[in-house]
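The values are calculated or read from the model by the stated rules, or taken from the named source; none is laboratory data. The structure displayed is predicted, hence computed values, not measured ones. All Cβ positions, glycine included, derive from the backbone under ideal geometry; neighbour counts span all protein chains shown. Just the protein is used for accessible areas: all its heavy atoms, side chains included, with ligands, DNA and RNA removed. Shrake-Rupley method; radii C 1.70, N 1.55, O 1.52, S 1.80 Å.
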Amino acid sequence: MTVSLYTVRVVLNTLGVIDYGIFNVVAGIVTTFSFLSVTLATATQRFFSFELGRQNYEQLKKTFSMTMTIYIMVAIIILLLAETLGLWFLNTKMTIPSGRIDTANWIYQFSILSFMMTMFTIPYDAVIIAYERMNVYAYVSMIEVSLKLLIVYLLLIVPMDKLKLYAILIFGVTTIITLIYRTYCQKKFDECHYSFFWDKKLFKEIAGYSGWNLFGSLAGVFNDQGINMLLNVFFNPVINAARGIAFQISNTINLFVSNFSTAVNPQIIKYYAQNEREKMQILVFQSSKFSYFLLFVLTMPVLLETDLILSLWLKVIPEYVVLFTRLVIIMVLIDSLSGPLITSALATGEIKYYQIIIGGFKLLNLPICFFLLSIGYPPQTTMYVAIVMSFFSLFIRLSLLKKMLYFDVMKYVCDVLLRILLSSLLAYSLALYLQFVLDRTIINLISIVFVSSIFSLVIIYFTGLSKRDRGFLNTIVASKLLKRSKS
């Protein structure tokens with residue numbers, strides 16, 4: 001997280017606000033086509049974990065080869081779309097400063113290559129997660145962030161157009177990470193040796209699952225890259241830079257939660273495959289709370305002192321960054337609750353109506369934002385709309401899970417949502433009180449952050465966690481301490 005935040009600062013200062021905004025929005029055009037690969041990624045993860053839950057290794061091998069064949073087909077489709085529709089949009093509709101359109105096209109081509117590499121990493125990544133080899137996942141993540149630190153150094157010393165160089169280096173890092181995942185999986189897992197395989201029935205299962213999951217992926221892309229392009233059309237690259245920085249901050253902090261979810265998701269799917277519904281529901285409750293509280297403790301200092309943190313972190317603070325950062329953190333906090341619920345729904349495989357309703361609702365985000373911006377609303381309106389959509393999506397998911405899995409919604413509301421609300425209000429009220437009574441000196445601000453974080457953990461432990469959760473947490477901590485004392 002530290003390296004990621006540092007690299008954003010140096011990249012922003014090296015490229016400048018305009019060029020950083022150009023890279024963010026141009027690369028976003030390619031990412032728009034990710035709805036196909038994201039859909040397949042979710043299907044791959046679900047089918048791998050499901051077969052491992054049933055200990056059907058022969059079927060897992062067939063599924064791996066089948067998904068790789070499908071990925072090759074999808075890669076060709078995405079390449080055709082990117083080099084036709086995407087290229088047309090870049091050169092005719094985007095707001096790019098004069099003299100930088102050639103550079104923008106250079107970035108675009110390398111972004112396509114980087115995206116292709118990332119896409120072919122997904123099946124190997126899914127196998128590692130399904131086998132729950134989280135140490136490998138962690139080591140590769142650290143290698144990746146170290147390589148991105150190297151990018152920062154090369155940007156400062158290589159005499160070349162910085163924007164072009166940045167696109168090349170990002171592609172280089174993506175290629176290295178893909179090769180690492182591929183090499184490891186082929187050495188450790190027999191299932192990961194690809195040979196052409198085609199099974200019409202299996203293809204229909206994966207394609208049908210992916211097809212309905214497409215709605216959710218489209219909604220995700222529209223909520224992110226679609227809004228990014230919309231802001232570029234109505235405003236300028238400076239707004240894209242501000243939004244890009246805000247999302248970089250939230251994504252970096254959210255790494256803790258996403259890695260926690262990555263570890264939990266295979267277990268949720270395996271419990272479903274083994275018909276352990278009660279254990280599955282307990283895990284969903286716990287992971288929803290733990291995801292939220294992890295994120296809350298990390299983001300509360302940022303919400304309290306956004307101006308100070310950004311001024312210490314960035315030399316140049318683009319307009320709207322402070323407001324965008326606060327709003328995107330609120331949205332991510334709400335979304336952190338939905339992760340385990342989404343995994344529960346996807347585990348069933350019967351996702352037709354779930355995706356039609358959730359995806360259809362979230363697809364309203366883009367036209368609503370377009371309408372509001374077209375009648376003169378400011379750029380932060382897009383963030384307010386996204387927060388409202390996230391809030392309502394959470395309750396729609398709960399309602400659907402009640403029908404799909406006989407999910408106990410009232411118990412979730414009482415044991416998860418009310419506990420979270422009470423803990424958050426108590427912790428944040430204490431922090432605001434300290435902020436009000438103490439002078440705004442650096443020492444006092446550090447004290448506020450430290451004291452409020454400690455008290456937040458205490459409040460969360462006693463009010464946010466149930467007796468079962470505290471027992472679970474105490475057991476883990478005790479076992480770790482015992483293991484350390486023996487070593």
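Structural remarks
- Given charges at beta-carbon only (K, R positive; D, E negative), |dipole| of the chain in Debye: 1040
- Share of alpha-carbon pairs per 10 Å distance bin for the stretch 50-200, given as whole %: 10, 30, 30, 20, 9, 1
- At an R0 of 45 angstrom, the distance between the Cβ atoms of Phe203 and Tyr377 translates into a FRET efficiency of 0.50.
- All other residues whose Cβ lies under 11 angstrom from that of Tyr354 are scored, Lys and Arg at +1 and Asp and Glu at -1, for a net of +2.
- Computed lengthening from Leu79 to Lys467, 0.36 nm per intervening residue step minus Cα-Cα distance: 134.4 nm
- Area accessible to solvent at Ser311, 1.4 Å probe radius, in Å²: 60
- A Förster radius of 25 Å combined with the Cβ-Cβ distance from Asp190 to Ser141 puts the calculated FRET efficiency at roughly 0.50.
- All C-alpha to C-alpha distances of the stretch 131-284, sorted into 5 Å bins beginning at zero, yield P(r) values of 2, 6, 8, 11, 17, 19, 15, 10, 7, 4, 1, 0, 0 percent in whole numbers.
- Accessible-area composition of the stretch 423-477, carbon plus sulfur, in percent [1.4 Å probe]: 75
- Given +1 at the Cβ of Lys and Arg, -1 at the Cβ of Asp and Glu and no other charges, the dipole of the stretch 218-337 around its Cα centre is 220 debye to the nearest 20.
- Computed helical MRE - 222 nm, the chain, DSSP H runs ≥ 4 contributing -39500 (n - 2.57), nearest 500: -28000 deg cm²/dmol
- Computed with a 1.4 Å probe over protein heavy atoms only, the accessible area of Ser374 comes to about 60 Å².
- Environment charge at Ile396 (Cβ cut-off 13 Å; Lys +1, Arg +1, Asp -1, Glu -1): +4
- Our estimate of slack between Leu149 and Ile357, defined as 0.36 nm per intervening residue step minus the Cα-Cα distance, is 70.7 nm.
- Translational diffusion coefficient (Stokes-Einstein; Kirkwood radius from C-alpha pairs) of the stretch 325-466 at 4 °C, 1.567 mPa s, in µm²/s: 73
- Among the chymotrypsin sites (Phe, Trp or Tyr not before Pro) in the stretch 326-406, those placed in a DSSP loop whose Cβ has at most 15 other Cβ atoms within 10 Å are Tyr406.
- Near Asp415, once Lys and Arg are set to +1 and Asp and Glu to -1 for all other residues with Cβ below 10 Å from its Cβ, the sum equals +2.
- Förster radius 56 Å - calculated FRET efficiency between Ser98 and Tyr406, Cβ distance, rounded to 0.05: 0.40
- Placing a pseudo-label 7 Å from each Cα along the Cα-to-Cβ vector at Arg54 and Phe256 gives an inter-label distance of 3.9 nm.
- Long hydrophobic helices in the chain: the complete DSSP H runs spanning 27 Å or more by Cα along their own axis with mean Kyte-Doolittle hydropathy of at least 1.6 are 134-157, 321-348, 418-437.
- The chain, relative contact order in percent, only Cα pairs under 8 angstrom and at least six apart counted: 21
- Computed from backbone phi with θ = phi - 60° and the Karplus coefficients 6.51, -1.76 and 1.60, the 3J(HN,Hα) list for the stretch 84-93 is 10, 5, x, 5, 4, 5, 4, 8, 10, 10 Hz; x is used for glycine and proline.
- Accessible area expressed per residue, the stretch 363-484, with surrounding protein chains retained (probe 1.4 Å, Å²): 61
- Solvent-free Debye scattering, log10 I(q)/I(0), computed from the Cα coordinates of the stretch 248-359 at q = 0.15, 0.24 Å⁻¹: -0.72, -1.26
- By the Cα gyration tensor, the chain has an equivalent ellipsoid whose semi-axes, rounded to whole angstrom, run 32, 32, 23 from largest to smallest.
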